[in-house]
């Protein structure tokens, strides 16, 4: 869980944009964004750029749909973004996401590009049930980008963070 001795962190939680169904014989891992997903990813990257969102580091699932969601950030936000692809974000439980946050508390801002249900569970654990339910009453949407402030000494992260905003490309 989150290291109580760590410094404050701006955390961005990005669920991949809409993806198509797996084709016959295709692995789930290889599913690409569908047409709507490409539009969502582009729109979200532009919204992030317009709001000055530029994470110090991006940790992205190696799944195709996550890489395709993160790619527009290079063109729109900055081509020199520090992005690292992490297999564990594809199949790992929420504890893996917490461990990765812990391991990157030395940066000022971190974006995780991953999958549900882990992204939604992480949001609930960090900001608490009420705040999360208010923000995503129908579940964490594809291409949703939560902006969260984690204070220094956040302990195990439960109810310790503040949801600053939620960017949705379809609003």
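The values are calculated or read from the model by the stated rules, or taken from the named source; none is laboratory data. Everything quoted here is computed from the prediction, not taken from an experiment. Because the Cβ atoms are built from the backbone with ideal geometry, glycine has one as well, and the counts that use them run over all protein chains shown.
Is it true that residue 152 is loosely packed, with under 13 Cβ neighbours inside 10 Å and more than 14 Å from the chain's Cα centre (by Cα)? In short, yes. Scanning region 92-102 for residues that are buried (at least 17 other Cβ atoms within 10 Å of the Cβ) and touching a residue at least 60 places away in the same chain (Cβ under 8 Å) turns up 98, 101. Taking the criterion of being more than 30 Å from residue 23 (Cα to Cα) and under 13 Å from the mean Cα position of the chain (by Cα), the residues of region 55-102 that qualify are 55, 57, 98, 100, 101.
Taken together, the criteria exclude residue 123 from residues that are surrounded by 17 or more Cβ atoms within 10 Å (Cβ to Cβ), closer than 19 Å to residue 65 by Cα and in contact (Cβ under 8 Å) with a residue 40 or more places away in the chain. Among the residues of region 73-96, how many are under 18 Å from residue 109 (Cβ atoms), touching a helix residue (DSSP H, G or I) at 6+ places or on another chain (Cβ under 9 Å) and modelled with pLDDT under 95? Qualifying residue count for the region: 8. Exactly one residue out of 169, 72, 142 is more than 13 Å from residue 15 (Cα to Cα) and surrounded by 17 or more Cβ atoms within 10 Å (Cβ to Cβ), and it is 72.
Determine whether residue 58 is modelled with pLDDT under 95, crowded, with 16+ Cβ neighbours inside 10 Å and in contact with a strand residue (DSSP E or B) (Cβ under 7 Å, 6 or more places away or on another chain). The answer is no for residue 58. Just so you know, in region 30-54 the residues that are buried (at least 19 other Cβ atoms within 10 Å of the Cβ) and in a loop (DSSP other than H, G, I, E, B) include one that is farthest from the chain's Cα centre (by Cα), and it is 31. For region 103-119, residues that are in contact (Cβ under 8 Å) with a residue 40 or more places away in the chain and either farther than 20 Å from residue 56 by Cα or more than 13 Å from the chain's Cα centre (by Cα) (or both) total 7.
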